[in-house]
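Written below as structure tokens is the structure these notes are about.
The values are calculated or read from the model by the stated rules, or taken from the named source; none is laboratory data. The shown structure was predicted, so the numbers you read here are calculated from the model rather than taken from an experiment. Cβ atoms come from the backbone with ideal geometry, glycine included; neighbour counts cover every protein chain shown. Ligands, DNA and RNA are stripped out before the accessible areas are found, and what is left, the full protein with its side chains, is counted by its heavy atoms. Shrake-Rupley method; radii C 1.70, N 1.55, O 1.52, S 1.80 Å.
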Amino acid sequence: MSAFFLRALDVLHFRGNQSFGDPGSYGQTQRLPWPSVASGALRSALLVRKDLKPTPRDGWTEPDPELGTPDCPGRFTLRGWTPAWRKGTHLERLLPLPADLVVQRHGQELVVRKLRPVSLYPKLATSTPLPRVAVLAETRRIKPESGYWLDETGWAAYVRGESIPPQHLVSDEALWRLDERVGIGLDERRRAAADGKLFSLQALAPRHDGREVGYLAETEGAAFPERLSLRLGGDGRAAIAEAVSVDPLPQPDPDQMQQARRCRLVLTTPGLFPHGWLPTGADPAERRNDGAVRFALHGLQGWIVAAALPRGQVVSGWDLARWRPKTALRSVPTGSVWWLELDAGIPPESYAKLVAQGLWDEAQYDGDPRRAEGYNRIAFALWND
């Protein structure tokens with residue numbers, strides 16, 4: 001596996017999937033763009049180094065061992081994609097806050113609290129089809145805080161099922177500032193500014209308060225040089241990718257999960273699933289009497305009994321090979337959590353295989369281009385409350 005620290009040389013634009021470009025429109029930026037943004041930038045840089053044309057029309061018809069073809073990806077895949085910051089030689093990932101964590105402000109202090117799956121009173125009707133509901137028990141209502149990330153120490157505590165001290169939270173403001181800019185539409189025929197086509201957009205400017213702020217891309221299946229120049233995000237802004245050495249994300253001990261016979265499944269990149277909000281491997285047609293959904297993938301088997309998911313998103317992108325937008329797909333956001341009750345006798349290697357391959361079945365793994373782009377990546381966490 002290779003890892004690269006992506007550092008912007010200019011401001012960045014990550015516009016997401018919102019309509020943009022009409023007169024008076026306002027283009028908001030994403031802090032963490034889709035993983036396909038990173039995989040596309042790295043893949044394009046590798047195309048240049050291999051002197052491969054980007055489209056079949058230009059002559060790219062023979063499969064490359066690493067990149068495959070536009071229709072069928074090769075060995076190259078993105079395994080991880082997170083913000084990161086570096087001080088000296090120490091580089092640290094910053095993980096999106098999982099959906100079962102809530103940050104609240106009590107006076108001047110931040111407190112991190114955890115949702116717990118509970119069985120509600122039987123006559124209390126809800127929209128969830130699962131037997132348990134993830135709830136936050138509290139004596140008074142407090143609006144949650146937003147815009148926070150977990151550092152690696154906080155993430156390690158999370159996957160062990162421990163409480164998370166607030167010093168392991170990192171705010172958006174510590175990483176980036178928003179630079180609002182005004183643009184003018186052009187009239188191609190007159191070669192001048194078009195009438196009434198002013199628009200504004202957000203640019204993302206990394207802060208430099210003693211640390212370098214960027215992104216960490218973890219890849220496998222392709223050989224890259226130690227340093228690359230990239231076009232990253234909207235308008236192809238310049239960035240540098242430097243090879244770095246990082247440890248794998250902390251994962252709980254499989255023996256602990258198997259002994260407890262339950263775990264949490266956490267999305268670390270957006271999910272594209274055939275059954276909507278249910279992860280690949282879930283069979284909505286197979287249910288227990290209490291409504292739990294059967295899950296079986298890469299040797300891991302059990303029952304989904306609860307879920308905590310943010311509002312769904314739409315993922316698309318630009319298809320360079322066909323010079324057209326990619327099909328828009330409904331996605332499950334990064335940080336979504338499912339609680340699983342596990343079957344007995346699961347081999348320990350099943351946990352590692354699911355992390356390595358992500359939430360893709362065998363047919364999708366070999367034939368879906370989105371797999372190489374880094375979607376459907378997961379981590380495990382203990383469920384011990």
| Cα to Cα, under 26 Å, and not fewer than 8 places away if on the same chain: which lysines meet these conditions relative to residue 53? | 326
| Spacing of the two label points (7 Å from each Cα toward its C-beta) at residue 194 and residue 220, in nm | 4.6
| In sequence order, what are the phi-derived ³J(HN,Hα) couplings for region 359-365 according to the Karplus relation 6.51 cos²θ - 1.76 cosθ + 1.60 with θ = phi - 60°, rounded to whole Hz, with x for glycine and proline? | 8, 10, 7, 4, 5, 5, 4
| Solvent accessible area, Å² - residue 341, 1.4 Å probe, full protein context | 50
| query | What are the trypsin sites (Lys or Arg not before Pro) within region 163-238 that DSSP puts in a loop, where the Cβ has at most 11 other Cβ atoms within 10 Å? | reply | 189, 190, 191
| field | Estimated vicinal HN-Hα couplings, Hz - region 222-235 in sequence order (Karplus 6.51, -1.76, 1.60; Gly, Pro = x) | value | 8, 9, 10, x, 5, 8, 9, 9, 10, 9, 10, x, x, 6
| task | Select from 149, 98, 136 the residue farthest towards the positive end of the dipole of region 82-160; place +1 on Cβ of Lys and Arg, -1 on Cβ of Asp and Glu, and compute about the Cα centre. | result | 136
| field | Accessible area per residue, Å², the chain with all protein chains present, probe 1.4 Å | value | 50
| task | Go through 383, 272, 329 and say which Cα lies farthest out towards the positive end of the charge dipole of the chain; charges sit on Cβ, +1 for Lys and Arg, -1 for Asp and Glu. | result | 329
| request: Go through region 204-217 residue by residue and turn each phi into a ³J(HN,Hα) via Karplus (6.51, -1.76, 1.60, θ = phi - 60°); whole Hz please, and just put x for glycine and proline. | output: 9, 10, x, 7, 10, 8, x, 9, 8, 9, x, 9, 10, 10
| remark: Length gained, residue 209-residue 128, 0.36 nm per residue minus C-alpha separation, equals 24.7 nm
| task | Quickly estimate the mean residue ellipticity at 222 nm for the chain, helices only: each DSSP H run with n ≥ 4 gives -39500 (n - 2.57), and the total goes over all residues, rounded to 500. | result | -3500 deg cm²/dmol
| task | Taking H placed 1.01 Å from N in the peptide plane, check which residues at least 5 places from residue 115 or on another chain put their amide H under 5 Å from its amide H. | result | 101, 102
| field | Solvent-accessible area of residue 149 with every protein chain in place, 1.4 Å probe, in Å² to the nearest 10 | value | 20
| field | Carbon + sulfur, % of accessible area of the chain - ligands and nucleic acids excluded, 1.4 Å | value | 49
| task | Obtain the nm distance between the two label points defined at residue 119 and residue 320 by a simple spin-label model: each point lies 7 Å from its Cα along the Cα-to-C-beta direction. | result | 5.4
| message | Between residue 353 and residue 142, what is 0.36 nm times their sequence separation minus the Cα-Cα distance? Round to one decimal in nm. | response | 72.0 nm
| query | How much length, in nm to one decimal, is gained on full extension between residue 235 and residue 286, taken as 0.36 nm per residue of separation minus their Cα-Cα distance? | reply | 13.7 nm
| Which value, in debye to the nearest 20, describes the size of the charge dipole of region 160-286 about its Cα centre when Lys and Arg Cβ atoms bear +1, Asp and Glu Cβ atoms bear -1, and nothing else is charged? | 460
| note | Sorting 248, 183, 229 by the position of each Cα along the dipole of region 172-313 (Lys, Arg +1; Asp, Glu -1; all at Cβ), the one nearest the positive end of that ordering is 183
| With r defined as the distance between the Cβ atoms of residue 173 and residue 243 and R0 fixed at 35 Å, what FRET efficiency is calculated, to the nearest 0.05? | 0.75
| message | For a quick check of understanding: with a 1.4 angstrom probe and all protein chains in place, what accessible area in square angstrom does residue 173 have, to the nearest ten? | response | 120
| message | I want to check the label-to-label distance for residue 344 and residue 184. Put each point 7 Å from Cα in the C-beta direction and report it in nm to one decimal. | response | 7.6
| task | Only Lys, Arg, Asp and Glu count, each charged at its Cβ (+1, +1, -1, -1), so figure out the dipole size of the chain about its Cα centre, rounded to 20 debye. | result | 940
| note | Excluding residues fewer than 8 positions from residue 114 in its own chain, the lysines with Cα under 22 Å of it are 143
